[in-house]
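Notes to accompany the following structure.
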2 protein chains.
Amino acid sequence: MTGSGTDHTSNGLQGPSPAIILVEPQLAENIGMVARAMANFGLSDLRLVKPRDGWPTGGGLPKGAHQAASGAVHILQGAALFPDARSAIADLNLVFATTARNRGQMKRVFTPAEMMPDVAARIGSGQRVGVLFGRERTGLENDEISLADAIVTFPVNPQFASLNLAQAVLLMGYEWLRAAHGDVKPFAAETQPPARREMVVSLFDYLEDELDRGGFFPPDKREIMARNLRDILHRLEMTEQDCRTLRGAVHALSEGRRRRVKDGPPPVRPPSS
Amino acid sequence: MTGSGTDHTSNGLQGPSPAIILVEPQLAENIGMVARAMANFGLSDLRLVKPRDGWPTGGGLPKGAHQAASGAVHILQGAALFPDARSAIADLNLVFATTARNRGQMKRVFTPAEMMPDVAARIGSGQRVGVLFGRERTGLENDEISLADAIVTFPVNPQFASLNLAQAVLLMGYEWLRAAHGDVKPFAAETQPPARREMVVSLFDYLEDELDRGGFFPPDKREIMARNLRDILHRLEMTEQDCRTLRGAVHALSEGRRRRVKDGPPPVRPPSS
């Protein structure tokens, strides 16, 4: 988890993605954390409408934003500045507004998971789509929401519904990535095929023989107990390596028993076979 | 968005939920942000394995954790302390380990979206499930991962894969809430049924009459242009209120025109009808 796993050999997630439009964000740190969340999920188009503390033109970045971005500096450097929400959405074909509470507007309301498959299809066909996020404390004004085609809101605990700005962007990015690129894993499971059955059945035979010698089976229960053991082992879907490992473990257990019976406890741990 | 929308009249999301187990977290702020993310999505069982800077016993909380929790103090106060990962998972029936990179262990690998429907079913039937999260910089040790039944990892941009601890917990909580409670919206769309068709067709008639008077239709194109207009308006799925609003707008436009024709521009804006 965390802090690792970045694959510098990969090209990452290229191509167009939804614009993230922050309307009058108050804290530079939040803009930085938004940039990091965007980079995590392949979003790149950041638009800022009148950040409260201003925004340097000409390449510099506010210190708080730079630090909080944890390396997503390219997103901050590419951010576009706008005087109002209307100009920030001018080139977009479809606009969503985020809000955590009902504003009484007759708009369609989607969750990120509901909206993103359609958004991914539109962006794939060349449309531009953006999402408006409001001020940290007060959100979007009703007039800004009325610029949007639809509302997007988040499934949260109604008793504790306050998501911070970067977390809201993070969830939007997460659903964007899932819709556009799939629920991809950064690495695959280490898969090997299950062993051929002759190897599995041979392990059963060996284990049952050794258990016979150890007095494990009451004579009248041998059949049913052996079947139960086989069912336990079947659940493992053993690979060939698993079969060899378990065979070795059975051998060590039974050899150790024989040695104890003959010589008493071994003076040193025997090498594994 | 953000900072608003909490419904204090709701009971929130009660009932058992997966345990979030932080192994040797380094920063108290991160523990606080994890608590907030948990509260956002109805998680409540926080377990701490040897926080680097210690953890007060007897009710007090580290200042940084308290502030970063933004009110999710009940989660921090209920946090259980453990000396190691083994003891922290002792009562659980199923354990997942988070990791961002392949550890070469022969484990099943799931995304949060893949694992959570099964987790929700298990928790619904009384099983206890937990997720191990590692240290901020270095993650879980291989021995800790080997305590887990399976691995969970996050779909992220391979070029920028570093999720912080609270963001990883946030995504886990988000998928837990969706699996256990559905992709719920904190509020519904303001829905009214589409208007009865007589009202819609009457609006068409009124609009087309007024457009006739305004010279909108070339005589040989009237039929097809009227049909196109009707198609535009059909897309609105107008409610009765929509019909009244648009009827009023058509009236204001055509009355304004008549007045201009008769008197020149009106001295004051007429009241809406």
Quick check on this structure: which one of A:Val49, A:Val23, A:Val34 is β-branched (Val, Ile, Thr) and within 24 Å of the chain's Cα centre (by Cα)?
A:Val34
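Which ones in the range B:185-233 are outside any loop (DSSP other than H, G, I, E, B) and at positive phi?
Step one: filter the range B:185-233 for residues outside any loop (DSSP other than H, G, I, E, B), giving B:197-213, B:219-233.
Across the range B:185-233, there are no qualifying residues.
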Identify the residue in the range A:91-126 that is of a type in the set (Ser, Thr, Tyr) and touching a Gly at 6+ places or on another chain (Cβ under 9 Å) and, among all such residues, is surrounded by the most Cβ atoms within 10 Å (Cβ to Cβ).
A:Thr99
Please tell me if A:Glu144 is farther than 23 Å from A:Ser17 by Cα and either more than 8 Å from chain B (Cβ to nearest Cβ) or touching a residue at least 40 places away in the same chain (Cβ under 8 Å) (or both).
no
Residue list for the range A:36-56, restricted to those being of a type outside the set (Lys, Arg), within 22 Å of A:Arg135 (Cβ to Cβ) and in a loop (DSSP other than H, G, I, E, B)
A:Leu43, A:Asp45, A:Pro51, A:Asp53, A:Gly54, A:Trp55, A:Pro56
Which of the residues belonging to the range A:68-90 are closer than 19 Å to A:Glu136 by Cα, at pLDDT below 95 and surrounded by fewer than 19 Cβ atoms within 10 Å (Cβ to Cβ)?
none
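Scan the range B:180-211 residue by residue and report those that are acidic (Asp, Glu) and either loosely packed, with under 15 Cβ neighbours inside 10 Å or within 14 Å of chain A (Cβ to nearest Cβ) (or both).
Initial filter on the range B:180-211 (acidic (Asp, Glu)): B:183, B:190, B:198, B:205, B:208-210.
The answer is B:Asp183, B:Glu190, B:Glu198, B:Asp205, B:Asp209.
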Can you tell me which condition A:Leu177 does not meet? The list is (1) in a helix (DSSP H, G or I); (2) at the interface with chain B (Cβ under 7 Å from one of its Cβ atoms); (3) more than 30 Å from A:Pro51 (Cβ to Cβ), and all the others hold.
(3)
Pairs needed: first member in the range B:250-273, surrounded by 12 or more Cβ atoms within 10 Å (Cβ to Cβ); second member anywhere, modelled with pLDDT of 80 or more and aromatic (Phe, Trp, Tyr); C-beta distance under 7 Å; at least 6 residues apart or different chains.
B:Val250/B:Tyr206
Going through the range A:119-176 in order, the residues found to be within 17 Å of A:Gly104 (Cβ to Cβ) and aromatic (Phe, Trp, Tyr) are none
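The values are calculated or read from the model by the stated rules, or taken from the named source; none is laboratory data. The structure presented is a predicted model; accordingly, all values stated were derived computationally and were not measured. Reconstructed Cβ throughout: ideal geometry from the backbone, glycine too, with neighbour counts over all protein chains shown.
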